[in-house]
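The values are calculated or read from the model by the stated rules, or taken from the named source; none is laboratory data. Treat the numbers as computed from the prediction; the structure is a model and nothing was measured. Glycine also receives a Cβ, built like all others from the backbone with ideal geometry; neighbour counts cover every protein chain displayed.
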(Lines give C-alpha, C1' and ligand atoms only; values in the text may rest on other atoms or scores of the structure.)
Protein backbone atom coordinates (compact mmCIF):
# COMPACT_ATOMS: atom_id res chain seq x y z
CA UNK A 1 0.00 0.00 0.00
CA UNK A 2 1.33 3.37 -0.97
CA UNK A 3 1.82 6.06 1.70
CA UNK A 4 -0.36 8.93 0.67
CA UNK A 5 2.03 11.46 2.33
CA UNK A 6 4.97 10.33 0.23
CA UNK A 7 4.87 11.98 -3.16
CA UNK A 8 8.11 10.37 -4.34
CA UNK A 9 8.53 6.74 -5.00
CA UNK A 10 11.78 4.99 -4.37
CA UNK A 11 13.29 3.75 -7.59
CA UNK A 12 13.65 0.02 -7.79
CA UNK A 13 17.03 -1.28 -6.59
CA UNK A 14 17.96 1.86 -4.59
CA UNK A 15 18.37 2.18 -0.81
CA UNK A 16 16.37 4.81 0.94
CA UNK A 17 18.38 7.52 2.75
CA UNK A 18 17.98 8.30 6.42
CA UNK A 19 19.31 10.50 9.23
CA UNK A 20 22.31 8.23 9.82
CA UNK A 21 23.62 8.89 6.32
CA UNK A 22 23.61 12.70 6.68
CA UNK A 23 25.53 12.62 10.01
CA UNK A 24 28.30 10.48 8.58
CA UNK A 25 31.54 12.50 7.51
CA UNK A 26 34.98 11.75 6.05
CA UNK A 27 37.66 11.21 8.79
CA UNK A 28 40.49 13.92 8.84
CA UNK A 29 43.90 13.18 7.42
CA UNK A 30 47.06 13.14 9.54
CA UNK A 31 48.07 16.57 8.23
CA UNK A 32 44.70 18.01 9.11
CA UNK A 33 44.83 16.49 12.58
CA UNK A 34 48.21 18.17 13.35
CA UNK A 35 47.39 21.50 11.71
CA UNK A 36 45.90 23.02 14.85
CA UNK A 37 48.69 22.08 17.33
CA UNK A 38 51.40 23.10 14.86
CA UNK A 39 49.80 26.49 14.33
CA UNK A 40 49.60 26.99 18.08
CA UNK A 41 53.25 26.04 18.50
CA UNK A 42 54.23 28.49 15.74
CA UNK A 43 52.38 31.27 17.54
CA UNK A 44 54.18 30.37 20.77
CA UNK A 45 57.60 30.45 19.08
CA UNK A 46 56.81 33.78 17.45
CA UNK A 47 55.83 35.23 20.81
CA UNK A 48 59.05 34.00 22.41
CA UNK A 49 61.05 35.52 19.57
CA UNK A 50 59.42 38.90 20.11
CA UNK A 51 60.19 38.67 23.82
CA UNK A 52 63.87 37.82 23.20
CA UNK A 53 64.56 40.32 20.40
CA UNK A 54 65.22 43.23 22.80
CA UNK A 55 67.89 41.11 24.52
CA UNK A 56 69.88 40.44 21.32
CA UNK A 57 72.26 43.49 21.64
CA UNK A 58 73.03 42.76 25.30
CA UNK A 59 76.18 40.61 24.73
CA UNK A 60 77.67 43.21 22.37
CA UNK A 61 76.89 45.97 24.83
CA UNK A 62 78.54 44.04 27.66
CA UNK A 63 81.71 43.61 25.58
CA UNK A 64 81.69 47.31 24.72
CA UNK A 65 81.38 48.31 28.37
CA UNK A 66 84.16 45.89 29.33
CA UNK A 67 86.48 47.42 26.73
CA UNK A 68 85.61 50.92 27.94
CA UNK A 69 86.30 49.93 31.54
CA UNK A 70 89.67 48.45 30.58
CA UNK A 71 90.61 51.64 28.75
CA UNK A 72 89.64 53.80 31.71
CA UNK A 73 91.65 51.61 34.06
CA UNK A 74 94.71 51.94 31.84
CA UNK A 75 94.29 55.71 31.62
CA UNK A 76 94.01 56.05 35.39
CA UNK A 77 97.07 53.86 35.89
CA UNK A 78 99.11 55.89 33.42
CA UNK A 79 98.09 59.17 35.05
CA UNK A 80 99.00 57.83 38.48
CA UNK A 81 102.40 56.70 37.23
CA UNK A 82 103.31 60.05 35.69
CA UNK A 83 104.45 61.39 39.03
CA UNK A 84 107.28 58.85 38.91
CA UNK A 85 108.49 60.00 35.47
CA UNK A 86 111.87 61.67 35.37
CA UNK A 87 112.29 65.33 34.48
CA UNK A 88 112.81 66.26 30.86
CA UNK A 89 116.16 67.84 29.99
CA UNK A 90 116.16 71.37 28.66
CA UNK A 91 118.17 72.93 25.88
CA UNK A 92 117.64 76.46 27.15
CA UNK A 93 119.20 75.61 30.51
CA UNK A 94 121.63 72.99 29.28
CA UNK A 95 124.99 72.89 31.08
CA UNK A 96 127.67 75.14 29.66
CA UNK A 97 129.59 72.11 28.52
CA UNK A 98 130.23 71.52 24.83
CA UNK A 99 130.44 67.76 25.28
CA UNK A 100 127.02 67.58 26.92
CA UNK A 101 125.35 69.90 24.43
CA UNK A 102 126.91 67.96 21.55
CA UNK A 103 125.60 64.70 22.98
CA UNK A 104 122.14 66.19 23.40
CA UNK A 105 122.06 67.42 19.80
CA UNK A 106 123.40 64.13 18.42
CA UNK A 107 120.76 62.14 20.25
CA UNK A 108 118.05 64.55 19.14
CA UNK A 109 119.11 64.40 15.49
CA UNK A 110 119.10 60.60 15.57
CA UNK A 111 115.61 60.51 17.05
CA UNK A 112 114.35 63.03 14.52
CA UNK A 113 115.61 60.88 11.67
CA UNK A 114 113.84 57.72 12.82
CA UNK A 115 110.69 59.17 14.42
CA UNK A 116 109.88 62.87 14.08
CA UNK A 117 110.59 63.36 10.38
CA UNK A 118 108.59 60.25 9.49
CA UNK A 119 105.49 62.43 9.81
CA UNK A 120 104.97 64.52 6.65
CA UNK A 121 103.62 67.57 8.47
CA UNK A 122 106.68 67.59 10.73
CA UNK A 123 109.10 67.22 7.83
CA UNK A 124 107.55 70.03 5.78
CA UNK A 125 107.26 72.38 8.76
CA UNK A 126 110.84 72.04 10.01
CA UNK A 127 113.25 74.62 8.53
CA UNK A 128 116.76 73.60 7.57
CA UNK A 129 118.05 76.09 10.14
CA UNK A 130 116.17 74.46 13.01
CA UNK A 131 119.25 74.09 15.22
CA UNK A 132 119.87 77.86 15.03
CA UNK A 133 116.56 78.40 16.84
CA UNK A 134 116.89 77.63 20.56
CA UNK A 135 113.11 77.56 20.98
CA UNK A 136 112.77 74.93 18.24
CA UNK A 137 115.48 72.77 19.79
CA UNK A 138 113.78 73.07 23.17
CA UNK A 139 110.46 71.92 21.71
CA UNK A 140 112.06 68.95 19.99
CA UNK A 141 114.04 67.90 23.08
CA UNK A 142 111.03 67.65 25.34
CA UNK A 143 108.95 66.00 22.61
CA UNK A 144 111.65 63.36 22.17
CA UNK A 145 111.61 62.58 25.89
CA UNK A 146 107.81 62.51 25.94
CA UNK A 147 107.96 59.92 23.15
CA UNK A 148 110.53 57.91 25.11
CA UNK A 149 108.34 57.97 28.22
CA UNK A 150 105.31 56.84 26.22
CA UNK A 151 107.03 53.99 24.38
CA UNK A 152 110.08 52.96 26.38
CA UNK A 153 109.82 54.30 29.93
CA UNK A 154 108.82 52.29 33.01
CA UNK A 155 105.31 53.76 32.79
CA UNK A 156 104.98 53.36 29.00
CA UNK A 157 101.40 52.76 27.93
CA UNK A 158 98.99 53.00 25.04
CA UNK A 159 97.34 55.99 26.72
CA UNK A 160 100.62 57.93 26.83
CA UNK A 161 101.35 57.03 23.21
CA UNK A 162 97.89 58.20 22.20
CA UNK A 163 98.41 61.48 24.03
CA UNK A 164 101.72 61.93 22.24
CA UNK A 165 100.08 61.43 18.85
CA UNK A 166 96.87 63.36 19.50
CA UNK A 167 98.14 66.35 21.45
CA UNK A 168 101.89 66.65 22.01
CA UNK A 169 103.34 66.00 18.57
CA UNK A 170 100.78 68.11 16.65
CA UNK A 171 101.28 70.97 19.12
CA UNK A 172 105.04 71.03 18.63
CA UNK A 173 104.70 70.81 14.85
CA UNK A 174 102.26 73.72 14.85
CA UNK A 175 104.41 75.96 17.05
CA UNK A 176 107.58 75.26 15.06
CA UNK A 177 105.80 76.09 11.82
CA UNK A 178 104.44 79.32 13.27
CA UNK A 179 107.72 80.54 14.76
CA UNK A 180 110.30 79.37 12.22
CA UNK A 181 108.58 77.54 9.39
CA UNK A 182 109.44 80.20 6.81
CA UNK A 183 113.03 80.68 7.97
CA UNK A 184 116.10 79.35 6.15
CA UNK A 185 119.85 79.11 6.55
CA UNK A 186 120.30 82.22 4.41
CA UNK A 187 118.45 84.30 6.98
CA UNK A 188 121.20 83.54 9.49
CA UNK A 189 123.95 84.71 7.16
CA UNK A 190 125.17 88.29 7.11
CA UNK A 191 124.05 90.07 3.96
CA UNK A 192 124.59 93.71 2.95
CA UNK A 193 121.64 95.90 3.81
CA UNK A 194 119.94 93.32 5.97
CA UNK A 195 120.11 93.37 9.75
CA UNK A 196 121.16 90.09 11.35
CA UNK A 197 118.64 87.96 13.13
CA UNK A 198 118.72 88.30 16.91
CA UNK A 199 120.38 85.19 18.28
CA UNK A 200 121.84 86.33 21.59
CA UNK A 201 120.26 86.27 25.00
CA UNK A 202 116.96 88.16 25.06
CA UNK A 203 116.60 91.32 27.09
CA UNK A 204 113.85 91.56 29.67
CA UNK A 205 112.20 94.95 29.52
CA UNK A 206 111.56 97.14 32.58
CA UNK A 207 114.02 95.30 34.82
CA UNK A 208 114.97 98.58 36.50
CA UNK A 209 111.35 99.14 37.50
CA UNK A 210 110.64 95.74 38.98
CA UNK A 211 111.29 97.03 42.50
CA UNK A 212 108.65 99.73 41.98
CA UNK A 213 106.09 97.16 40.85
CA UNK A 214 107.05 94.82 43.70
CA UNK A 215 106.47 97.57 46.26
CA UNK A 216 103.13 98.52 44.76
CA UNK A 217 101.86 94.95 44.54
CA UNK A 218 103.23 94.04 47.96
CA UNK A 219 101.56 96.78 49.99
CA UNK A 220 99.39 98.93 47.74
CA UNK A 221 97.80 96.76 45.10
CA UNK A 222 94.36 98.19 45.90
CA UNK A 223 95.55 101.61 44.74
CA UNK A 224 96.34 102.69 41.22
CA UNK A 225 99.54 101.28 39.77
CA UNK A 226 102.55 103.60 39.48
CA UNK A 227 103.04 105.04 36.04
CA UNK A 228 105.91 103.68 33.95
CA UNK A 229 108.89 105.99 33.61
CA UNK A 230 109.64 107.70 30.34
CA UNK A 231 111.68 105.25 28.24
CA UNK A 232 114.07 108.08 27.36
CA UNK A 233 115.01 108.49 31.02
CA UNK A 234 118.11 106.56 32.02
CA UNK A 235 118.41 104.56 35.21
CA UNK A 236 120.65 107.26 36.69
CA UNK A 237 118.15 110.01 35.95
CA UNK A 238 115.33 107.86 37.35
CA UNK A 239 117.11 107.46 40.67
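Looking at this structure, is residue 106 assigned to a helix (DSSP H, G or I), assigned by TED's automatic domain parsing to the domain that holds residue 93 and closer than 15 Å to residue 91 by Cα?
Values: assigned to a helix (DSSP H, G or I): yes; assigned by TED's automatic domain parsing to the domain that holds residue 93: yes; closer than 15 Å to residue 91 by Cα: yes.
Here the answer is yes, as residue 106 does meet what is asked.
Please work out if residue 195 is over 30 Å from residue 67 (Cα atoms) and free of Cβ contacts under 8 Å to residues at least 40 places away in the same chain.
On the way: over 30 Å from residue 67 (Cα atoms): yes; free of Cβ contacts under 8 Å to residues at least 40 places away in the same chain: yes.
Here the answer is yes, as residue 195 does meet what is asked.
Counting the residues of the range 176-201 that are modelled with pLDDT of 80 or more and in a loop (DSSP other than H, G, I, E, B) gives 7.
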